[in-house]
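This report refers to the structure that appears directly beneath it.
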């Protein structure tokens, strides 16, 4: 017997379909706005993309954060955040990057040459273990999120970490902890 508080299978399907449609409207709204991003403005997205690539650059072993679409991941993550706390912190943090770049080199971050951009990031990372300034605190969040996004991506897992997935081992290569070996 079904009470009024129970959801029927049909109700669940309606809710699921509504959620799918709502997410597509969000994506469509971003596309209509011209950015293609769900949360970031175009300048913010470019800044996050550049900061991510500075933290995890492409090298001979694997592509970097840009190729792994880390900025897209962060954009989607923030667009789906439950409250405005994270979104506000990221917007404030990105504005702080430009403020720091202005104070160190007299221009916004994205107008600086590559070596000065690295200098700004190095300044933000100076007290990584005990961040004191707003820029240092934002760096902690930036690095944590970029690393998590990168190593959750196909490039981070398969190219960088060379993860092969579940494979059958011909021989167990573990350590004998019994003390008998």
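No lab work stands behind these numbers, since they all come straight from the coordinates. Note that the structure is predicted; figures quoted are calculated from it, not measured. A quick note on method: Cβ atoms are made from the backbone with ideal geometry, for glycine too, and the neighbour counts reach across all protein chains shown.
In percent, how large is the relative contact order of region 37-160, given Cα pairs closer than 8 Å and 6 or more residues apart?
Relative contact order for region 37-160 comes out at 29 percent.
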Work out how much length residue 46 to residue 80 would gain on full extension: take 0.36 nm times their residue separation and subtract the Cα-Cα distance, in nm to one decimal. 10.3 nm
Paramagnetic reach from residue 104 (point 7 Å along Cα→Cβ, amide N under 14 Å) across region 52-73: 52, 54-55
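At 0.36 nm per residue, minus the direct Cα-Cα distance, what do residue 119 and residue 154 gain on full extension? Give it in nm, one decimal, please.
9.6 nm
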